[in-house]
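Since the structure comes first, as structure tokens, the remarks are kept for the end.
The values are calculated or read from the model by the stated rules, or taken from the named source; none is laboratory data. Computed from a prediction, not measured in an experiment: that's the story for all the values here. Don't worry about glycine lacking a Cβ; one is built from the backbone with ideal geometry, like all the others, and counts go over all protein chains shown. Only protein heavy atoms, including side chains, enter the accessible area calculation; ligands, DNA and RNA are left aside. Shrake-Rupley method; radii C 1.70, N 1.55, O 1.52, S 1.80 Å.
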Number of protein chains: 2
Amino acid sequence: MIKTALPIFLASKSPRRRKLLKQIGIKYKSFSVKLKEEILDGEHPAACVERLAMEKMEIAKSKVKEGIIITADTIVVLNKQVIGKPKNKKEAEEFLSLLSGKTHAVYTGICVVNTITNSKKLDFEKTIVEFRKISKDEIKDYVSGGSPMDKAGAYGIQDDFGAVFVKKINGCYYNVVGLPLTKLYDSLRKIS
Amino acid sequence: MIKTALPIFLASKSPRRRKLLKQIGIKYKSFSVKLKEEILDGEHPAACVERLAMEKMEIAKSKVKEGIIITADTIVVLNKQVIGKPKNKKEAEEFLSLLSGKTHAVYTGICVVNTITNSKKLDFEKTIVEFRKISKDEIKDYVSGGSPMDKAGAYGIQDDFGAVFVKKINGCYYNVVGLPLTKLYDSLRKIS
């Protein structure tokens, strides 16, 4: 239902983001952008994900002549501590132990730019996620399955056991997967 | 991670429920049960979905000799009005117009029985779902795509445009798809 004559570009290498865009019927090309994703001291999570989405956009714009570009950045925050992608299996286990039985927040910043009109939409989405208590055995099983390694917070709400770690969420579900679909859809409608 | 020597049976013909069970790695056989799903006057939605899940269980038990059986029933409630599966495309459009810009509740009752020990777990899950305002054109596009016809409330949060109708949810996401996975997983662990 997004009608545009311009090509759409997703500047992300995340297979989840690619699948989500496809799910809502958007035809696009994708490429990856390399950015050292640093969190600044004292920076609010919402400001952080919007800044990172913008920094990715600056790189992405240099790669696209004409079109609509989408960039996004997702972080997981527990008690003001940012939990990134785990470096190894040991760290993945540590992250999941931290999240077990607690409530954390998932922030995604999204930036959409039309390179012809030069108009830009920048926004973020926040979803609260409550984990049930998960046992050490469950964590070991999950980590040895390989699912958590490329994901912020070391879990995927959409995959096998990630699904049953989550008791409830408050906010946009797809934001936790990696792209706040309703907000992105709205931005695309306004900009295309 | 569910370890049982007993076969597991899902008494539901819903392709969504079948897919969800598969997602969390549960091996099962499925069959359908026929039940006239009536809502009683003045019955609370939570009591209603638990009763319907139990009624389905009574039928299902007559079909299984030994095993663990799962039954479920989902309803959508807007301002105390139950919104069922649409009878035709016209009714699907009416349902979606009702839900547009409003907040409704999705209730699922789940019943799990072990036919050997005769133990039973009965529970329900409630998720609050907030729709954005959706236009008549969007509703027509969605209904003509055929997605809403076999779904309570005439939408699927997991499908193409159903995903972008939903602004936010409060509760279990998978409950809105058709099975509250974390609660079901917990029941299965206790009963198997």
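For this structure, a couple of remarks:
- Considering residues of region B:173-190 that are open to solvent by less than 10 Å² (accessible area, probe 1.4 Å) and hydrophobic (A, V, I, L, M, F, W, C) only, the residue nearest to B:Asp73 (Cα to Cα): B:Leu179
- Within region A:16-29, residues that are over 20 Å from B:Gly145 (Cα atoms) sit with their Cβ atoms under 9 Å from residues that are among the charged types (D, E, K, R), at 6+ positions apart or across chains, in these pairs: A:Arg16/A:Lys151; A:Tyr28/A:Arg18; A:Tyr28/A:Lys22.
- Some residue of region A:33-55 being under 20 Å from A:Ile116 (Cα atoms) and loosely packed, with under 15 Cβ neighbours inside 10 Å: no
For (1) of a type in the set (Gly, Ala, Ser); (2) closer than 20 Å to A:Val177 by Cα; (3) assigned to a loop (DSSP other than H, G, I, E, B), each residue gets a yes or a no:
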site: A:Ala60; (1), (2), (3): yes, no, no
site: A:Lys63; (1), (2), (3): no, no, yes
site: A:Ile70; (1), (2), (3): no, yes, no
site: A:Thr74; (1), (2), (3): no, yes, no
site: A:Val77; (1), (2), (3): no, yes, no
site: A:Val82; (1), (2), (3): no, yes, no
site: A:Pro86; (1), (2), (3): no, yes, yes
site: A:Glu91; (1), (2), (3): no, no, no
site: A:Phe95; (1), (2), (3): no, yes, no
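Yes/no matrix, rows are residues, columns are (1) among the β-branched types (Val, Ile, Thr); (2) modelled with pLDDT of 95 or more:
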residue	(1), (2)
A:Lys29	no, yes
A:Leu35	no, no
A:Gly101	no, yes
A:Thr108	yes, yes
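- Of all residues making up region B:56-69, the number that are among the small types (Gly, Ala, Ser) and open to solvent by 70 Å² or more (accessible area, probe 1.4 Å): 1
- For the condition among the aliphatic types (A, V, I, L, M), within 14 Å of chain B (Cβ to nearest Cβ) and open to solvent by less than 50 Å² (accessible area, probe 1.4 Å), A:Ile134 qualifies.
- Sole residue being within 13 Å of chain A (Cβ to nearest Cβ), within 16 Å of the chain's Cα centre (by Cα) and either crowded, with 21+ Cβ neighbours inside 10 Å or not polar (S, T, N, Q) (or both), chosen from B:Thr108, B:Thr127: B:Thr127
- For region A:160-185, a residue qualifies if it is more than 8 Å from every other protein chain (Cβ to nearest Cβ) and not hydrophobic (A, V, I, L, M, F, W, C), and the qualifying residues are A:Gly162, A:Asn175, A:Gly178, A:Pro180, A:Lys183.
- Take the conditions (1) within 26 Å of A:Leu21 (Cα to Cα); (2) within 14 Å of chain B (Cβ to nearest Cβ); A:Gly101 misses just one of them, which is (1).
- For the residues A:Asp141, A:Asp123, A:Asp150, A:Asp137, the requirement of being assigned to a loop (DSSP other than H, G, I, E, B) and at negative phi singles out A:Asp150.
- Taking the criterion of being over 18 Å from the mean Cα position of the chain (by Cα), open to solvent by 10 Å² or more (accessible area, probe 1.4 Å) and within 11 Å of chain A (Cβ to nearest Cβ), the residues of region B:141-159 that qualify are B:Asp141, B:Gly145.
- Residues that are modelled with pLDDT of 95 or more and more than 17 Å from B:Asn175 (Cβ to Cβ), drawn from region B:2-27: B:Pro7, B:Ile8, B:Phe9, B:Ala11
- Boolean, A:Thr117 is more than 29 Å from B:Arg189 (Cα to Cα) and either more than 14 Å from every other protein chain (Cβ to nearest Cβ) or not hydroxyl-bearing (Ser, Thr, Tyr) (or both): yes
- Here is the figure for region B:160-171: residues that are within 12 Å of B:Val106 (Cα to Cα) and either open to solvent by 10 Å² or more (accessible area, probe 1.4 Å) or among the hydroxyl-bearing types (Ser, Thr, Tyr) (or both) total 1.
- Residue in region A:169-180 that is of a type in the set (Ser, Thr, Tyr) and either over 29 Å from A:Ile68 (Cβ atoms) or at pLDDT below 95 (or both) present: no
- The set of residues in region B:6-55 being under 13 Å from the mean Cα position of the chain (by Cα) and within 14 Å of chain A (Cβ to nearest Cβ) consists of B:Arg16, B:Arg17, B:Lys19, B:Leu20, B:Leu21.
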